[in-house]
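See below for the structure under consideration.
The values are calculated or read from the model by the stated rules, or taken from the named source; none is laboratory data. None of these values were measured; they are calculated from a predicted model. Counting neighbours? That spans all protein chains shown, and the Cβs are built from the backbone with ideal geometry, glycine included. To get the accessible areas, we keep the full protein, side chains included, count just its heavy atoms, and leave off ligands, DNA and RNA. Shrake-Rupley method; radii C 1.70, N 1.55, O 1.52, S 1.80 Å.
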Amino acid sequence: MPLQVFLKDFSDVFKKDELGVEIASIALPAALALTADPIASLIDTAFIGHIGPVELAAVGVAIAIFNQVSKIAIFPLVSVTTSFVAEEDAAAESLIDKSCDIEITERSFDGNDEEEEFVPNVAKVYERRHIPSASSALIIGAVLGLIQALFLIFAAKPLLGYMGIKSDSPMLTPARQYLTLRSLGAPAVLLSLAMQGVFRGFKDTKTPLYATLIGDAANIILDPIFIFTFRMGVSGAAIAHVISQYLISLILLWTLIGQVDLLPPRIKDLQFGRFLKNGFLLLLRVIAATFCVTLAASMAARLGSTSMAAFQICLQVWLAASLLADGLAVAGQAILASAFAKRDFDKATATASRVLQLGLVLGLVLSVLVAVVLQLASRLFTNDVNVRQILSLGIPFVAGTQPINALAFVFDGVNFGASDFVYSAYSMVLVSFVSILCVFLLSSTNGFVGLWVALSIFMTLRAVAGFWRIGTGTGPWSFLKRWR
């Protein structure tokens with residue numbers, strides 16, 4: 001039964017074999033890089049929370065808009081780039097291996113055992129890789145970043161109105177200031193994440209981690225300077241974040257130029273058609289998921305600034321903790337894309353099994369950690385007693401859904417590694433449709449708690465959709481029906 005893949009070698013989940021080491025070397029730096037930005041946003045939230053609850057709620061709405069609009073472009077771009085680069089890199093490795101075998105064979109016939117001249121040639125091939133997908137990703141990322149920046153700047157007020165902030169609301173001015181200024185960093189955000197997709201395809205997650213840590217460290221240092229020393233308030237927080245994003249982009253671009261030939265000799269090598277086809281499917285998927293989460297934030301804003309402030313804190317912690325599992329998703333996607341390109345189904349099966357088991361264990365650990373952190377550290381986010389009281393209602397949901405969230409994220413990475421973009425898109429549309437109905441129904445009857453019940457249902461259905469595809473052995477996973 002294909003379902004057996006979830007139980008395969010469960011006792012070896014922490015085994016330090018070749019596969020375990022490969023997963024860890026990709027997943028750990030990726031997880032740290034993915035959580036670095038949400039943690040920086042949490043620190044932003046902590047600083048802004050000490051300005052006042054109105055500013056905290058306003059920035060919460062602005063961040064929700066920026067993040068959701070960004071995900072519409074970022075998620076398809078990064079996911080498609082990772083898979084395509086991994087496939088092209090695996091194909092290049094296979095060609096190089098064949099060339100090595102041919103040249104070694106020819107040398108053996110010639111009776112020449114000297115290999116000093118041959119080894120530098122191989123090293124030279126790897127010095128600057130010809131990966132057309134990398135150039136495509138950077139061009140698309142830069143264009144989408146400019147479009148996003150212009151859209152958010154000129155549509156800031158209508159978007160805030162859609163999120164429930166009316167023209168007479170005290171949240172409107174700080175929210176608009178923060179959103180407009182932070183939008184200036186959109187080109188850097190999309191460009192840097194496109195480059196992260198390239199590095200992930202190379203199974204290199206350390207370089208993006210170093211760049212992200214440097215950028216976020218700059219953000220944390222600049223936050224109190226701009227917010228309190230220069231008395232710029234929420235505008236200072238936005239400017240600090242924009243500076244950090246451009247710093248990350250410059251570091252990644254400088255490193256990538258030394259590894260990849262970013263100027264293909266032929267325009268058709270850029271593969272825009274392939275990117276757009278698969279990117280559109282993931283765009284459909286992200287819009288469906290984004291609309292569900294954005295709608296929940298909008299409903300929270302309609303409950304008032306106190307409820308929105310509590311919702312913002314819960315949401316940031318929820319996402320920051322869950323993204324740790326996304327590191328496993330990145331590892332699974334990169335390894336599986338390479339395995340499928342080489343038709344190594346044994347490694348594909350072992351990789352899917354291992355990352356899903358690790359995801360479940362990680363989710364259980366996160367449940368305990370999140371519950372303790374939110375309970376003990378609520379004062380770090382706000383001094384408002386009313387906000388902390390509502391915050392306590394969301395803690396059980398934020399902590400309790402961590403195992404489900406972890407599996408949902410890992411299932412996404414596994415299916416992306418198999419290039420199963422069609423199923424991923426249409427299943428998410430169905431999941432989001434049901435979840436949106438739950439958001440409307442439960443928020444109107446149970447308020448703040450109802451919103452978190454709806455979001456819990458959303459993540460559960462996502463996990464079930466991923467489980468169904470692999471567990472039934474359909475699509476690219478049909479080989480599992482023959483697996484022993």
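Working only within segment 160-181, note down all residues that are open to solvent by less than 80 Å² (accessible area, probe 1.4 Å) and closer than 21 Å to residue 241 by Cα. Within segment 160-181, 160, 171, 172, 174, 175, 178, 179, 180, 181 qualify.
Within segment 1-37, restricting attention to residues that are surrounded by 19 or more Cβ atoms within 10 Å (Cβ to Cβ) and of a type outside the set (A, V, I, L, M, F, W, C), the residue that is modelled with the highest pLDDT is 29.
In segment 64-85, the residues that are polar (S, T, N, Q) form Cβ pairs under 7 Å with partners that are outside any helix (DSSP H, G or I) and open to solvent by 20 Å² or more (accessible area, probe 1.4 Å), at six or more places apart or across chains, as follows: 83/419.
Quick check: anything in segment 187-200 part of a loop (DSSP other than H, G, I, E, B) and not β-branched (Val, Ile, Thr)?
Kept after step one, since they are part of a loop (DSSP other than H, G, I, E, B), are these residues of segment 187-200: none.
So far as segment 187-200 goes, no, none of its residues is part of a loop (DSSP other than H, G, I, E, B) and not β-branched (Val, Ile, Thr).
Name the single residue, out of those in segment 293-321 being small (Gly, Ala, Ser) and open to solvent by 20 Å² or more (accessible area, probe 1.4 Å), that is modelled with the lowest pLDDT. Checking each candidate, the answer is 305.
May I ask you to list the residues in segment 435-444 that are open to solvent by 10 Å² or more (accessible area, probe 1.4 Å) and touching a helix residue (DSSP H, G or I) at 6+ places or on another chain (Cβ under 6 Å)?
Listed by number, the residues that qualify are 436, 438, 442, 443.
For (1) out of contact with any Gly (no Cβ under 9 Å at 6 or more places or on another chain); (2) among the acidic types (Asp, Glu); (3) within 26 Å of residue 343 (Cβ to Cβ), each residue gets a yes or a no:
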site	(1), (2), (3)
419	yes, no, yes
422	no, no, yes
430	yes, no, no
436	yes, no, no
440	yes, no, no
444	no, no, no
447	yes, no, no
453	yes, no, no
464	yes, no, no
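Applying the selection to segment 150-159, what residues are among the aliphatic types (A, V, I, L, M) and open to solvent by 10 Å² or more (accessible area, probe 1.4 Å)? If the condition is that a residue be among the aliphatic types (A, V, I, L, M) and open to solvent by 10 Å² or more (accessible area, probe 1.4 Å), then 150, 153, 155, 159 are the ones that fit.
Can you find a residue that is within 28 Å of residue 75 (Cα to Cα), in contact with a Cys (Cβ under 7 Å, 6 or more places away or on another chain) and not aromatic (Phe, Trp, Tyr) anywhere in segment 421-433? First the steps, then the outcome.
Looking only at segment 421-433, we keep the residues that are within 28 Å of residue 75 (Cα to Cα), and these are 421-433.
Still in the list and also in contact with a Cys (Cβ under 7 Å, 6 or more places away or on another chain): 432.
After this cut, where a residue has to be not aromatic (Phe, Trp, Tyr) as well, the list is 432.
Scanning segment 421-433 turns up at least one residue that is within 28 Å of residue 75 (Cα to Cα), in contact with a Cys (Cβ under 7 Å, 6 or more places away or on another chain) and not aromatic (Phe, Trp, Tyr).
Scanning segment 391-417 for residues that are surrounded by 24 or more Cβ atoms within 10 Å (Cβ to Cβ), of a type in the set (Val, Ile, Thr), over 17 Å from the mean Cα position of the chain (by Cα) and in a helix (DSSP H, G or I) yields a count of 1. Of the residues making up segment 322-374, just one is surrounded by 22 or more Cβ atoms within 10 Å (Cβ to Cβ) and among the basic types (Lys, Arg), namely 354. In segment 64-82 there is no residue matching the filter, namely being over 29 Å from residue 140 (Cβ atoms), open to solvent by 40 Å² or more (accessible area, probe 1.4 Å) and either assigned to a helix (DSSP H, G or I) or at pLDDT 85 or above (or both). For segment 168-180, the criterion of a residue being farther than 27 Å from residue 82 by Cα, at pLDDT below 95, out of contact with any helix residue (DSSP H, G or I) (no Cβ under 6 Å at 6 or more places or on another chain) and not in a helix (DSSP H, G or I) is satisfied by at least one position.
Give 253, 281, 295, 262 a once-over and let me know the one that is in contact (Cβ under 8 Å) with a residue 60 or more places away in the chain and not in a helix (DSSP H, G or I).
On the way: 253 fails: not in a helix (DSSP H, G or I); 281 fails: not in a helix (DSSP H, G or I); 295 fails: not in a helix (DSSP H, G or I).
Answer to the selection: 262.
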